[in-house]
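Written below as structure tokens is the structure these notes are about.
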Amino acid sequence: MIRFATATDVPAIHQLIIELAIYEREPDAVVASIEDIHNTLFGADPVAFCHVAEIDGQIVGIAIWFLNYSTWLGKAGLYLEDLFVKPEFRKRGIGLELMKTLAKLCVERGYERFQWWVLDWNEPSINFYKSIGAEAMDEWTVYRDWE
């Protein structure tokens, strides 16, 4: 079952964020606390949103996203920050259902773009995204200022 996350899901969401960081070879990178995740998703002014995949009462996958904006289109878009399914639940269509749910949300709300990043070494994810028709935006370079 795919559904919007609730505040009671935050500990499980936090745990999956940690598991994602381990998968992405950054096991010590998560500094966000359970309280941080709660505040950003469910606080007075949420800045991100989350869908969860649940099987038999267990949260086995997450899709954390937020809105971005295109000045050229003059419309909002959906930016997928994290998509993660526990390894033992992969190959069951859960990632696909999370992506379909977000795509449907884009259509319903009139979001013009559905975007995300993927690490260049993450072949399983790249292959998955290609299988659903996603196209790499190779002409763009990502920059970040850590300070």
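For this structure, a couple of remarks:
- Counting only strands (runs of 3 or more DSSP E) that fall entirely inside the range 1-95 and contain at least 1 residues that are under 17 Å from Phe128 (Cβ atoms), open to solvent by 40 Å² or more (accessible area, probe 1.4 Å) and of a type in the set (Asp, Glu), the qualifying elements are 75-85.
- Filter result (polar (S, T, N, Q) and touching a strand residue (DSSP E or B) at 6+ places or on another chain (Cβ under 9 Å)) within the range 70-96: Ser70
- Residue that is farthest from Leu98 (Cα to Cα), among those in the range 125-147 that are of a type in the set (D, E, K, R) and modelled with pLDDT under 90: Glu147
- Residue check, Lys100 modelled with pLDDT of 95 or more, of a type in the set (Lys, Arg) and within 16 Å of Ile2 (Cα to Cα): yes
- Gly57 free of Cβ contacts under 8 Å to residues at least 40 places away in the same chain, within 12 Å of the chain's Cα centre (by Cα) and closer than 26 Å to Ile18 by Cα: no
- If you go through the range 11-39 and keep only what is touching a strand residue (DSSP E or B) at 6+ places or on another chain (Cβ under 9 Å) and without any contact (Cβ under 8 Å) to a residue 40 or more places away in the chain, you end up with Gln15, Ile37.
- Residue within the range 117-126 that is closer than 23 Å to Ala12 by Cα and surrounded by 14 or more Cβ atoms within 10 Å (Cβ to Cβ) present: yes
- Against the test of being free of Cβ contacts under 8 Å to residues at least 60 places away in the same chain, farther than 19 Å from Gly93 by Cα and in contact with a Leu (Cβ under 6 Å, 6 or more places away or on another chain), the options Trp65, Trp72 yield a single qualifying residue, Trp65.
- Single condition Glu112 does not satisfy, out of (1) surrounded by fewer than 14 Cβ atoms within 10 Å (Cβ to Cβ); (2) within 22 Å of Ala48 (Cβ to Cβ); (3) modelled with pLDDT under 95: (1)
- Residues satisfying the stated conditions in the range 96-126, i.e. touching a residue at least 24 places away in the same chain (Cβ under 8 Å) and part of a loop (DSSP other than H, G, I, E, B): Gly110, Tyr111, Glu112, Arg113, Trp117, Leu119, Asn122
The values are calculated or read from the model by the stated rules, or taken from the named source; none is laboratory data. Given the structure is predicted, the values throughout are model-derived calculations rather than measurements. For neighbour counting, all protein chains shown are included, and Cβ atoms are generated from backbone atoms with ideal geometry for every residue, glycine included. For accessibility, only protein heavy atoms count, side chains too; no ligands or nucleic acids. Shrake-Rupley method; radii C 1.70, N 1.55, O 1.52, S 1.80 Å.
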